[in-house]
Amino acid sequence: MNQSVVVATFSFPLDAHIAKANLESVGISSFIADEHTVNMQWLYSDAMGGVRLFVQEKDLEEAIKVLGEDFSASVDFECKTESETCPNCGSQNVERHTKGKRSAFLVFIFVGFPLFFYKHGLKCSQCGHFWQTSSADAQTGV
C-alpha cells in the first residue's frame, strides 16, 4: 500500500496551489491539507505546521526534484520586453512610476474625497525625467 507523505509546507495556500500545479504539470498527483483552516485563521499557520502538500510515497523523490527546480530564467526569457531608454538622457536605468500619487493621497486625507489626477508612466533613475508610454498604460489598465 502506497502512503501519502508531506513533500513541502507553505505559510499560504496560494503558494501550495502553485506547487501543486507544478507537480501536476509533470504528472505527479498531489493534494493539499489545512488550506481552509489557514484561510480562515491565518495566524494558526505556523502553529499547525503550515499548509501541507502531500504526494504518494513512490513519487516523493521526483516531487522534491521538481519543486527544487528554478524556473526564473525561463520566466524572464518569456516575459522579456524591450528595454526602455530615457528620451532625456538616453539611460536605460528606468522604472515604472506613478506621478501625482502622493498629492492625490493628501487631497483624499484633507478633503475626504478621492481626486484621481495621477499619471502612470516611466521615470529615469538617473536624471529623474518622467514620461508616459502606451506600454505603461496598457499594463496598468489606464
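The values are calculated or read from the model by the stated rules, or taken from the named source; none is laboratory data. Note that this is a predicted model, so its numbers are computed, not measured. For neighbour counting, all protein chains shown are included, and Cβ atoms are generated from backbone atoms with ideal geometry for every residue, glycine included.
From (1) modelled with pLDDT of 90 or more; (2) more than 10 Å from Leu53 (Cβ to Cβ); (3) not small (Gly, Ala, Ser), pick out the condition that doesn't hold for Met1.
(1)
Just the residues that are surrounded by 10 or more Cβ atoms within 10 Å (Cβ to Cβ), more than 30 Å from Gly90 (Cβ to Cβ) and modelled with pLDDT of 70 or more, please, taken from segment 107-128.
The answer is Val107, Phe108.
Go through segment 45-55 and give me each residue that's buried (at least 16 other Cβ atoms within 10 Å of the Cβ) and not β-branched (Val, Ile, Thr).
Hits for segment 45-55 are Ser45, Gly50, Arg52, Leu53, Phe54.
State yes or no: is Gly68 farther than 30 Å from Val26 by Cα, at pLDDT 75 or above and small (Gly, Ala, Ser)? Before you say what the answer is, go through the steps one by one.
Working: farther than 30 Å from Val26 by Cα: no; at pLDDT 75 or above: yes; small (Gly, Ala, Ser): yes.
It is false that Gly68 is farther than 30 Å from Val26 by Cα, at pLDDT 75 or above and small (Gly, Ala, Ser).
Give me a count of the residues in segment 1-50 that are under 18 Å from Glu69 (Cβ atoms), under 20 Å from the mean Cα position of the chain (by Cα) and free of Cβ contacts under 8 Å to residues at least 12 places away in the same chain.
So the count comes out to 3.
Residues of segment 22-44 being surrounded by 20 or more Cβ atoms within 10 Å (Cβ to Cβ) and within 11 Å of Val6 (Cα to Cα), which ones?
The answer is Ser30, and nothing else.
So which of Thr81, Thr98 ends up being surrounded by fewer than 13 Cβ atoms within 10 Å (Cβ to Cβ), of a type in the set (Val, Ile, Thr) and at pLDDT below 80? Before the answer, list the steps.
Working: Thr98 fails: surrounded by fewer than 13 Cβ atoms within 10 Å (Cβ to Cβ).
Being surrounded by fewer than 13 Cβ atoms within 10 Å (Cβ to Cβ), of a type in the set (Val, Ile, Thr) and at pLDDT below 80 holds for just one of Thr81, Thr98, which is Thr81.
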